[in-house]
Structure formats: structure tokens, C-alpha cells
Amino acid sequence: LLDIGISADTRPETYMVTVRGEGGGESRTAQVAVIVHTRLYIPPIIFKPGDSTVSIPVRLTSGEGLAEFSFVLEYDPLLFDMSQAGASLLPGSLNPEGWILDADSSIPGQLLVEGAGPAVGTSGDGSIIVIKAAAAGGDYPDEGSLLSASGINLLSDKGLGIPYVSRAGLSYLMEGGDINSDEDVNIIDVVLCLRMSIGLDVEVKGSQYVPAYPAWIILRGDMNGDGEVDISDVVLTLRKSVGLN
């Protein structure tokens, strides 16, 4: 009798488990494909001209047995205002009545969302929660954003973790190098990029940020798309600031 389990933070769609047994002078080895059916994701979301708010549904491919959940929504605070998100959370289509929903927006760029209830969520594709987000500055972000779920924890009615596969939700092309979000790439952005490349504090819109920088700041300074800010990004930002290719 073999009892094969998978952890609560499984991310690939499919992975292989190798099972080896011995006895009576013989051995057998077999590979078993374990398929993760539950996927948590944020669908593509677009602000339309004139919109000041947007509804963000966080969806599951299956909510069967779901009793509790928590995750961190990562976003660009220069584009989205989540300060009132906790007061405007809405239950999703997979949550029966009686669920308690909560959100903590105390960390810029991160929104901790939690949900729990006395009843077990229904099966099938649908949303577990809907977040109301406002455009920072009262205008809609026409380019550039970051919305993704991390630190995901899904629990069944028996207190067991539900395997899942996460997927980033909204990701637009951003004006690369515009670290201070003034809609221009200039020498100020070059200085900020240089400070990030050597691990110094940076000030953006009156707020100080220290290493490890939030994901949304790295996205703004990562000109070559390698996931970090280094001297090559400084050179690219400098070239762009003076109008070179």
C-alpha cells in the first residue's frame, strides 16, 4: 500500500514521483504522474478610459472542499490604490454565505487577503473573492502594472492543503526606466537605477525603499528583463534618457 501526497504549494501542472520497491531478491521501479487540478489566477484586467476603480476577481479552477484561503496580491502602488480594499471586499461565486473576508493593506505594493467560513466552497471554476481597486491619483493607469498572487494558502474542510498552480494576472508593457513615475526617463531615473544596482536606498514619490526592493520597483528598473537591476540596466537607462537606441 503506497500513500503518495503532494504539498500545499505545488506549482507545476504535472510532476513525476518515482516509486521503488524491493522484496524477495527483486526490485521494481515505476514513475507516477501527479496532476494538479486546482489553479489560482487573476484573469486579464484592463482599466478603461474614465474608470477610477476596477474589480479584480481572484479565480480558482476548482473550489471543491475549500474552507479557508489566504494570499498576497502584489501590485504597483504608483498605479493602484488599495488603501480601501479591505472595506470593499466582495465574496466570490465559490464562497457560500457566512464567509468572513479580511484584507491588510499596511505594506505598500502588497495586499494580504484572507477568507474563512463555516461552509465548504462549491466545486467548479469561479472566483473566491473580488477586490475593489482604485487608480492612484484618481486617473486610470493606461500603461504598466503588476498584479500577481503569492504566498498562497488554500485549506480544505479537514485542514489539509489544496495543491494549486498560480499564474500572474495583469502585466502590461511599461515605460522601461521610468522609476520615479513622472512619465519621462531622465537623469533622475538614471541615478535611482544606479543606486538600486549597488543596493542603496531609493526614494520614489516621497517614500523610501531599501533592498530587497519591492517587485514593482524592480520591474520599473529592470531594463533588460533579467529579473534584477544591475549596471547593464543603468547603461540602458542612461542611453534612453539621452535619446539613444
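The values are calculated or read from the model by the stated rules, or taken from the named source; none is laboratory data. Predicted model, so just to flag it, every value in this text is computed and none were measured. Cβ sites come from the backbone with ideal geometry, for glycine too, and all protein chains shown count toward neighbours. Note: accessible area is taken over every heavy atom of the protein model, side chains too, but ligands, DNA and RNA are not part of it. Shrake-Rupley method; radii C 1.70, N 1.55, O 1.52, S 1.80 Å.
Some notes on this structure:
- The residue of segment 219-235 that is nearest to ASN186 (Cα to Cα), among those that are modelled with pLDDT of 85 or more and surrounded by fewer than 19 Cβ atoms within 10 Å (Cβ to Cβ), is VAL235.
- Candidates VAL54, VAL58, filtered to the one that is surrounded by 18 or more Cβ atoms within 10 Å (Cβ to Cβ), under 17 Å from the mean Cα position of the chain (by Cα) and modelled with pLDDT under 85: VAL54
- Of all residues in segment 163-175, none satisfies being closer than 29 Å to VAL54 by Cβ and at pLDDT 80 or above.
- Scanning segment 91-115 for residues that are assigned to a loop (DSSP other than H, G, I, E, B), in contact (Cβ under 8 Å) with a residue 12 or more places away in the chain and more than 17 Å from ILE128 (Cα to Cα) returns SER105, PRO108, GLY109.
- Scanning segment 91-101 for residues that are more than 11 Å from GLY115 (Cβ to Cβ), open to solvent by 60 Å² or more (accessible area, probe 1.4 Å) and not small (Gly, Ala, Ser) turns up just one, GLU97.
- Residues in segment 30-44 that are at pLDDT below 75 and open to solvent by less than 90 Å² (accessible area, probe 1.4 Å): ALA30, VAL32, ALA33, VAL34, VAL36.
Conditions (1) surrounded by fewer than 17 Cβ atoms within 10 Å (Cβ to Cβ); (2) closer than 15 Å to SER150 by Cβ, marked per residue:
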site	(1), (2)
SER62	no, no
SER70	yes, yes
GLN84	yes, no
SER106	yes, no
GLN110	no, yes
GLY117	no, no
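- All positions within segment 116-131 that are more than 13 Å from SER70 (Cα to Cα), out of contact with any Leu (no Cβ under 7 Å at 6 or more places or on another chain) and not in a loop (DSSP other than H, G, I, E, B): none
- Of all residues in segment 79-90, those that are at pLDDT 85 or above have Cβ atoms under 7 Å from Cβ atoms of residues that are in a loop (DSSP other than H, G, I, E, B), 6 or more apart or on another chain, in MET82/TYR75; MET82/SER105; SER83/SER105; ALA85/SER105.
- Subset of segment 42-88 [polar (S, T, N, Q), touching a Lys or Arg at 6+ places or on another chain (Cβ under 7 Å) and under 16 Å from SER127 (Cβ atoms)]: SER55, THR61, SER88
- If only residues of segment 178-218 that are open to solvent by 70 Å² or more (accessible area, probe 1.4 Å) and either in a helix (DSSP H, G or I) or in contact with a His (Cβ under 6 Å, 6 or more places away or on another chain) (or both) are counted, the one that is farthest from SER150 (Cα to Cα) is ILE187.
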